[in-house]
């Protein structure tokens, strides 16, 4: 899974968000490193909806502006958990190797 | 402006997603560069239009095919205009030579007009030349010309002949280029017997008057005839707009065709998808390799000496010298089209971008 896709799933983990809300949340989660542009965001959302990981939650029209909110589906939550666990394992393995290297460099 | 950029997306997609995307674009406007957002929308819109929104390379492949189709169509368009150009007239060559050298008798002059605009081995193209055209001799397919020659130089030395020729061309209303000096033959540079300064050289000069181009050769001393003339037609003016229009039409057709095949094969059986990719990739290799080989050589040649007429566009594409790979590429693409035309079941979980 691409990093941007993982971050979008993570952004939707706690509450439904609209497009701009997802972009803002992804930027916060990545420390400003990743800021998806609209074309990229909606292509990813289309893909996630097609895969059954994300769904439309509700729509709002505020001051004539259409807001569509998206939320994680059960499968999306499970996929996010699976990816998180995979990344945790990878991070732990890398961390263990780095710890093992430190004494020899000291 | 972004509303216009949404035109890169398919119409159905625009209807469903357009307002939402525009709102998001509006929201991020204060913090994002407009050009970056625009490029992002066009890129993803074109991917969606080609039926592969998740593909990072589909737009590049479609563009390659589009440009190739445009170039071949432009060549075809200019070829058609050449076929409609004014036929060569042997009387015009006779008049031109006698006007330049009224006091000299030519040893040879063509007295028949060429039967076609383009010839191969002195004859119009016909099925009997199919093997020559396909198996490496396609370069012989070239513009027809008329010739005349002098057995003896019309003056006592080659520099004097050249100086007089320039004066006579100018007096007769011809525009001419700088002369080109070229060796009659080459020798192996490392060979001790090779002395390039001792090799006899030929002099070539091009002149144009109206739609006639006159190529004059003052040959090396050991060559007969000593001086010869070749008359050909200049590029018809209609070739330029015809080339541009044909390029646009060919490119549009190529884009639409690629999009259709891409949409039809996406989501199909993996074997069919793999086969379609292989056929496309191999066809592009067969089409583009001759272009990538020929175009730089032609450009180098074009810049190295004066030209009154651009080389014919298909020669820049390596055609018809490489007509066999071109035809094989066409065959591959036809098979890919056939593969795409096969009936197949649309995936149930179709995304918005596919619709």
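Couple of notes before you dig in:
- Nearest 10 degrees, 0 to 90: helix A:38-50 Cα axis against chain A principal axis: 90 degrees
- Taking the number of Cβ atoms within 10 Å of each Cβ as an exposure proxy, the fewest-first ranking of B:197, B:128 is B:197, B:128.
- For region B:120-249, the square roots a ≥ b ≥ c of the C-alpha gyration tensor eigenvalues yield an a/c of 1.5 or more together with a/b not exceeding b/c, which makes the shape oblate.
- Counting neighbouring beta carbons within 10 Å and listing from fewest to most, the residues B:188, B:199, B:21, B:120 come out as B:188, B:199, B:120, B:21.
- Cα shape, region B:3-50, gyration tensor, a/c 1.5 rule: oblate
- Alpha-carbon centroid distance for the pair region A:40-79 / region B:301-342, whole angstrom: 47 Å
- Gyration tensor verdict on region B:1-133 (Cα atoms; rounded if a/c is under 1.5, prolate if a/b is larger than b/c, oblate otherwise): prolate
- Helix axis angle, B:90-100 relative to chain B longest principal axis, alpha carbon, degrees: 50 degrees
- Fewest neighbouring Cβ atoms within 10 Å first, the residues B:90, B:44 line up as B:90, B:44.
- Angle between chain A longest axis and helix A:74-105 axis [Cα atoms, degrees, rounded to 10]: 30 degrees
- Inter-chain Cβ neighbour count for A:44-50, averaged per residue, equals 5 (cutoff 10 Å, partner chain atoms only).
Only the coordinates and a few stated rules stand behind these numbers; no lab work does. Not measured: the values here are computed from a predicted model. Backbone-built Cβ (ideal geometry, glycine too); neighbour counts: all protein chains shown.
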